[in-house]
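Q: Shown below is the structure under consideration.
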Amino acid sequence: MPVSCNLIIGGAAGQGLDSAALMLARALVRSGWFVLAAQHVMSRVRGGHNNVRLRIAAEPIEAPADTFHLLAAMTEESVALHRGRLAPGAAILADSAWKLPAEAGLLEVPFHDLARRPVFQNTVLLGVISAFLGLEESVLAELLREQFAAKGEDTVAANLEALHNGRQWGEAAGVRLPMPDPAPAAQPRLVVNGNQAACLGAVAAGVGFCGYYPMSPSTSLSEALAWAGADAGIVVEQAEDEIAAANMAVGAAYGGARAIVPTSGGGFALMTEAVSLAGVMEAPVVFFVAQRSGPATGLPTRTEQADLDLVLYAGHGEFPRAVLAPDGPESLFRLTYQAFAMAERAQTPVFVLSDEFLADGLFTAAPFSVEGLPPITEPDLSDTDPEGYERYSLRMGPVPPRRIPGAGRSLVLWDSHEHEPSGHITESAEIRVAQQNRRLHKLSVLKEQVVPPTYHGPENPDTLLVSWGSPNGAVRETVSTHEGPGTLAALTFTQVWPLIPETFLPYLTAARRVVVVEGNSTGQFARLLTWAAGFSTPHAIRRYDGRAMTVQYIRQGLRSLLEE
């Protein structure tokens, strides 16, 4: 289990919490630690109460923290809200101007004396925290110069002054937090959020078009692709609405581009007509759905796993699909790439189910490598026998060669109606059945590429925890830190459709008790296991309060199950 030092920084929107947390995370990673930061943001333009929770360790971390060694409060409200989450002996940083009653661990910082203006108070806070953590001031100073260089020397100088003032105050306070020893790496590590990791996976796959309409928490993926677009040759189009964005992606696929559509649950619900269009046209489009709490607007800046059923059944009619569920930055990189590989090979829409915790969280990762990634099927540019080319041929297996209009003399027809092999519409009963059978047979192509679940722990355990997507990290840590009674193991899925029972059913039947851990209220994945494999379990740990799964939450759930 990673021994970690945990911080929580709380305050209002607009106070620079995100900037301070990102700066601190980068400084820690550059100094040899691993960091995981979970964002807790209210759906407000300004005000409300937000917080960032950082976990610092000498080993990789996959799950957010439950209790904290330091509360850095940028509003008085933060102290009251988070006092109950503190570990014994924890410190509380508060503004001396609040005149709070004295209590153990309370440290009152004279921000108004240490910062020229209120806008620099978050930099003062960085200085104080860096002293408590034992970070070198020079590391943060270098980051501040990088961050504010474009704003001029005066801004850089003011921030360096605020950092130094905070640093001196922190050193004089004499507080040292329980930090593990750092573990510097041979090569620099990255600090990325999940959407940035997915962006790199899409770029590695050769994405050429992104159609989107902004919707939290997916928007930063589109922005990252736009940022990369100039160098990577990616066209990023913000459409007038979600329906247009998805249809643009289908059109881009027709034109030969690898296309992605980042969105979230509410936006994806509007796209389902285009999903069907991609299904019948056999367009290799990747839909990237970053889940948040619904229904409707629900908790738009919180996390959940309640869109599995939506994605699994989206679109009218029947057509094969694959659904991937990454569980961390490396997984987001590889599975986003893999989604393009699956979509191109089977010529059908493929879905990536991420969530707000992954999208907005900050993670430490090694530089991503393309080694071991499968080649992606290219369109057929041979233009052989153009007069005889049939886009939906019934003679060439479930996936006929896909040619690109204008890339030769072949006539390439795609149609939303049922179609003849040539692409012309038809209502022939015989052709309808033959085309549908061919399309459905693509499921066997998708099954050839299925990512199997991963097993952790002893064989034949007393309790087997089963999870998918972002809770996988907390489940793995729960197993690795389990001290009894009984034995505990984990089975974690990063692909949730199609499922191949032979890859996981033996684990389920060997355990005395199976508990499905997931972030929704009705057990969507548990039902899918029953449907796909005929396996059902009455035991579940479900979280649907908008917060990410944690080790403590799972342990509490297990205790409740054992007491039943």
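The values are calculated or read from the model by the stated rules, or taken from the named source; none is laboratory data. Since we're looking at a predicted model, the values are computed, not measured. When we count neighbours, we look across all protein chains shown, and the Cβ atoms used for this are built from the backbone with ideal geometry, even at glycine. These accessible areas exclude ligands, DNA and RNA; they are computed on the full protein's heavy atoms, side chains included. Shrake-Rupley method; radii C 1.70, N 1.55, O 1.52, S 1.80 Å.
Q: Can you tell me the relative contact order of the chain? Whole percent, Cα pairs under 8 Å, sequence separation 6 or more.
A: Reported relative contact order: 12 percent.
Q: Give me the log10 of I(q) over I(0) for the range 414-564 at q = 0.15, 0.19 Å⁻¹, as the Debye formula computes it from C-alpha points; what are the numbers?
A: Relative scattering, expressed as log10 I(q)/I(0), comes to -0.76, -1.09.
Q: Which value, in Å², gives the accessible area per residue of the chain when a 1.4 Å probe is used on the protein heavy atoms?
A: Using a 1.4 Å probe on heavy atoms only, each residue of the chain averages 41 Å².
Q: Could you list, bin by bin from short to long, the percent of Cα-Cα pairs of the range 437-522 in 5 Å steps?
A: 3, 14, 23, 21, 16, 10, 6, 4, 2, 1, 0
Q: Now, a different point. Just how large is the dipole of the range 135-261 about the Cα centre, in debye to the nearest 20, putting +1 at every Lys and Arg Cβ and -1 at every Asp and Glu Cβ?
A: The calculated dipole for the range 135-261 is roughly 340 debye.
Q: So, one more: Read through the labelled values [x] 57; [y] 68; [z] 61 and report the label of the one computed as percent of Cα pairs over 29 Å apart from the structure.
A: Entry [x].
Q: Can you tell me the dipole magnitude for the chain around its Cα centre, using point charges on the Cβ only (Lys, Arg +1; Asp, Glu -1), in Debye to the nearest 20?
A: 720 debye
Q: Name the shape class, rounded, prolate or oblate, that the alpha-carbon gyration tensor gives for the range 196-338, where a ≥ b ≥ c are the square roots of its eigenvalues, rounded holds for a/c under 1.5, and otherwise prolate holds if a/b is larger than b/c and oblate otherwise.
A: Numbers: a/c = 1.39, a/b = 1.10, b/c = 1.26.
Here the range 196-338 falls in the rounded category.
Q: Ranked from highest to lowest mean number of other Cβ atoms within 10 Å per residue, what is the order of the peptides 551-557, 281-287?
A: Most protected by this proxy first, the peptides run 281-287, 551-557.
Q: By how many degrees, between 0 and 90 and to the nearest 10, does the Cα long axis of helix 551-563 differ from the longest principal axis of the chain?
A: On a 0 to 90 degree scale, this one is about 80.
Q: While we're here: How far is helix 242-254 tilted off the main Cα axis of the chain, in degrees rounded to 10, range 0 to 90?
A: On a 0 to 90 degree scale, this one is about 50.
Q: Report, in deg cm²/dmol and to the nearest 500, the calculated mean residue ellipticity at 222 nm for the chain, where each DSSP H run with n ≥ 4 adds -39500 (n - 2.57) and the sum is divided by the residue count.
A: Helix contribution divided over all residues of the chain: -11000 deg cm²/dmol.
Q: Please identify which residues in the range 497-521 have an amide N closer than 17 Å to a label point set 7 Å out from the Cα of residue 459, following the Cα→Cβ vector.
A: Residues passing the 17 Å test: 503-512.
Q: When the accessible area of the chain is computed with all protein chains present and a 1.4 Å probe, what percentage of it is carbon and sulfur?
A: Carbon and sulfur: 52 percent of the exposed surface of the chain.
Q: To the nearest Å, what is the center-to-center distance of the range 223-267 and the range 278-338, using C-alpha atoms only?
A: 15 Å
Q: Compute the Rg to Rh ratio over the range 1-98 from the alpha carbon atoms, using the Kirkwood formula for Rh, and round to two decimal places.
A: Ratio of gyration radius to Kirkwood radius for the range 1-98: 0.96.
Q: Now for a different question. Give, in nm to one decimal, the length gained when the segment between residue 559 and residue 59 is fully stretched (0.36 nm per residue of separation minus the Cα-Cα distance).
A: Once the chain is fully extended between residue 559 and residue 59, it gains 177.2 nm.
Q: Within the range 15-108, what percent of beta bridges assigned by DSSP are antiparallel, to the nearest 5?
A: That works out to approximately 50 percent antiparallel.
Q: Turning to a different aspect of this structure: Along the positive direction of the dipole of the range 408-564 (beta-carbon charges: Lys, Arg +1; Asp, Glu -1; about the Cα centre), which of 500, 487, 453 reaches farthest?
A: 487
Q: So, one more: Would you please give the residues with an amide H less than 5 Å from that of residue 68, counting only those at least 5 places away or on a separate chain, with H modeled from the backbone geometry?
A: Hits under the 5 Å cutoff: 86, 87.
Q: Same structure again: Once both axes come from the Cα atoms, what is the angle between helix 153-173 and the longest principal axis of the chain, in degrees from 0 to 90, rounded to 10?
A: 60 degrees
Q: Can I ask one more? How big is the antiparallel share of DSSP beta bridges in the range 340-499, given as a percent to the nearest 5?
A: Of the beta bridges lying entirely in the range 340-499, close to 40 percent run antiparallel.
Q: Moving to a separate point now. Per-residue counts of other Cβ atoms within 10 Å, averaged by peptide: what ranking do you get for 18-24, 374-380, highest first?
A: In decreasing order of mean packing, 18-24, 374-380 become 18-24, 374-380.
Q: Highest first, please rank the peptides 515-526, 498-509 by the mean number of other Cβ atoms sitting within 10 Å of their residues.
A: Ranked by mean Cβ neighbours within 10 Å, highest first: 515-526, 498-509.
Q: Another question about this same structure. In what order, largest first, do 45, 399 sit by accessible area if the probe radius is 1.4 Å?
A: Result of the area sort, largest leading: 45, 399.
Q: Considering only the range 406-543, what is the antiparallel percent among its DSSP beta bridges, to the nearest 5?
A: Counting DSSP beta bridges with both partners in the range 406-543, the antiparallel share is about 20 percent.
Q: Magnitude of the Cβ-charge dipole of the range 3-81, K/R +1 and D/E -1, about the Cα centre, nearest 20 debye?
A: Working: 6 positive and 6 negative charges, 47 e Å.
Here the size comes out at about 220 debye.
Q: Separate question: In nm, give the distance between the simple-model label positions of residue 502 and residue 187, each being 7 Å from the Cα along the Cα-to-Cβ direction.
A: It works out to 3.6 nm between the two label points.
Q: Skipping prolines and chain starts, which residues have an amide H placed within reach, meaning under 5 Å, of the one on residue 288, given they are 5 or more residues away or on another chain?
A: When sequence neighbours closer than 5 places are left aside, the close amide H contacts are 261, 263, 352.
Q: Additional query: Using only alpha-carbon positions, what ratio does the radius of gyration of the range 291-439 give when scaled by 2.2 N^0.38 Å?
A: Expressed relative to 2.2 N^0.38 Å, the Cα Rg reads 1.32.
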